[in-house]
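Visitor: Okay, handing you the structure first.
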Amino acid sequence: MHSAFFLLLGASLARFLLRHPGEPRTPWVIALSVVLALLYVLGPVLGSAAPTRPRPPTTPDENGIGDGDGDLGAGGPDSGAGSRTPARLAVLLWLALVVAVWVVLVLLAPSFAWCAVPLFYTGLRILPARPALALIALLTAFVVAAQLQLAGRFDPNLLLAPPAVAAIATAGFVHMQRQAARQRALIDDLLRTRRELAATERRAGTLAERQRLAMEIHDTLAQGLSSQQMLLQAADRVWDAEPVKARTHVRTAGSIAERSLTEARRFVHDLAPADLADGGGLVAALRALAVRESRTGPPVRFHAEGTPAALPERAESALLRIAQGALANVREHADARTAALTLTCLDDQIVLDVADDGRGFVPGASDGTRAGVRGHGLPAIRARVRDLGGTLTIESTPGEGTVLTVSVPLAVRPPGLPSEDLSGRSPAAPGPGTPPPAGHPPLEQP
């Protein structure tokens, strides 16, 4: 717009000098042209000194004309206190001087009339809607008068063309302002939505991490403390009658405490199970788990079938935690004589079975938890299976034990799409009362 103004100003001066050389008004026209150019150059300087108020994303008024984001850097006169500052008044005074000098130039040389087009946009940027439209009407009237004077006769085209140009210029500016306001509003909405989404994701991540930490603590430290408590209570009961047995219980409790300490240190370090950190893999970790659980609860037999497939550390850790949680439930709630832990490695999936010959329960009846007992084991197992994209199946009958089966596909499905059957029978499972599959004693699962 600045370039257009100076181009039109130079073209108008050149036309005047070519058409009217040596006239008495020529020095005045040249002087006023220089003054107008200097004044126009001062506009951005004054505008940069004028304070602007922070505006909301959408500021168009009822006519669609906003406060303006022009090069002059000034907000509209509805800018509040900022519009009454000396710098703001200086900008308004500058605009008045520019228009006044231009009017005098048009009166002296009508060819300067077309410099009004850049002044349209200058007025629209600086003034509010109604004063801006009044200024445009004034400038258009001078343009029409100047063009008719140059023509020397009445011409409808000269009468209608300048108002049409002014209307198009104003409409284009108003449209751009409205588009800019809508774009600012859209950008602000997008930024706000992005911030809200980021906050939501942070909250979801925090909750997920809390749940994961709760499951880790439940499957490691809480179980170790529970086993120690049971052993120490047993030692206290037989301390006088059977001191050898009591000392055995105390030594076993100390061994569990040492193992829990190792788990706690590993937990703080990287949250990886200590058994897996030893480098023996999932099979060795499950075998060690069966040996440890046999010391504090019913004997646990471990059996592995097939060649273990390479699993991500996350999947191995989850399967080990699932086995820990299931065996803890057997020890605390099943009143079982024996338990079995089986890992089956197939071509397309890994199957983990935990079975016992305990008292069993009715699947789906509060997940088998006893009245007044808050259970974390089964919800934690369910969450881990869901995270792996696997399948959890529980088969149990009161008095006949329980079998818990976890199937994890080697090509892990996306989380959130598990297939879970807690009804007591799976598509290929026998009905209640039917003996569990061969090699699996019944399993109790609270």
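Readers should treat all values here as calculations from the given coordinates under stated rules, not as data from a laboratory. Model, not experiment: these values are computed from the prediction. In this analysis, Cβ positions are derived from the backbone assuming ideal geometry, glycine residues included, and neighbour counts consider all displayed protein chains.
Visitor: Tell me the label-point distance for the pair Arg337, Ala310, using the 7 Å Cα-to-Cβ offset, in nm and rounded to one decimal.
Guide: Each label point is offset 7 Å from its Cα along the Cβ direction, giving 4.5 nm.
Visitor: Separate question: So for the stretch 163-220, taking the charge dipole from beta-carbon charges (+1 Lys/Arg, -1 Asp/Glu), which of Gln183, Val165, Ile217 sits furthest toward the positive end?
Guide: So the residue we want is Val165.
Visitor: Hey, got a sec? Which chymotrypsin sites (Phe, Trp or Tyr not before Pro) in the stretch 110-214 land in a DSSP loop and have at most 13 other Cβ atoms within 10 Å?
Guide: Phe154
Visitor: Name all residues of the stretch 102-134 having a backbone nitrogen under 17 Å from the label point set 7 Å from the Cα of His2 along its Cα→Cβ direction, giving them as ranges.
Guide: Once the point is set 7 Å along Cα→Cβ of His2, 118-123, 125-126 turn out to lie under 17 Å by backbone N, inside the stretch 102-134.
Visitor: Can you compute the FRET efficiency between Ala264 and Leu186 using 1/(1 + (r/R0)^6), with r the Cβ-Cβ distance and R0 = 45 Å? Round to the nearest 0.05.
Guide: It comes out at approximately 0.30.
Visitor: Between Leu221 and Leu197, what is the spin-label point distance in nm, taking each point 7 Å from the Cα along the Cα→C-beta axis?
Guide: 3.7 nm
Visitor: Can you tell me the length gained on complete extension of the stretch Leu148 to Asp348, counting 0.36 nm per residue apart and subtracting the Cα distance?
Guide: Result: 63.0 nm gained on full extension.
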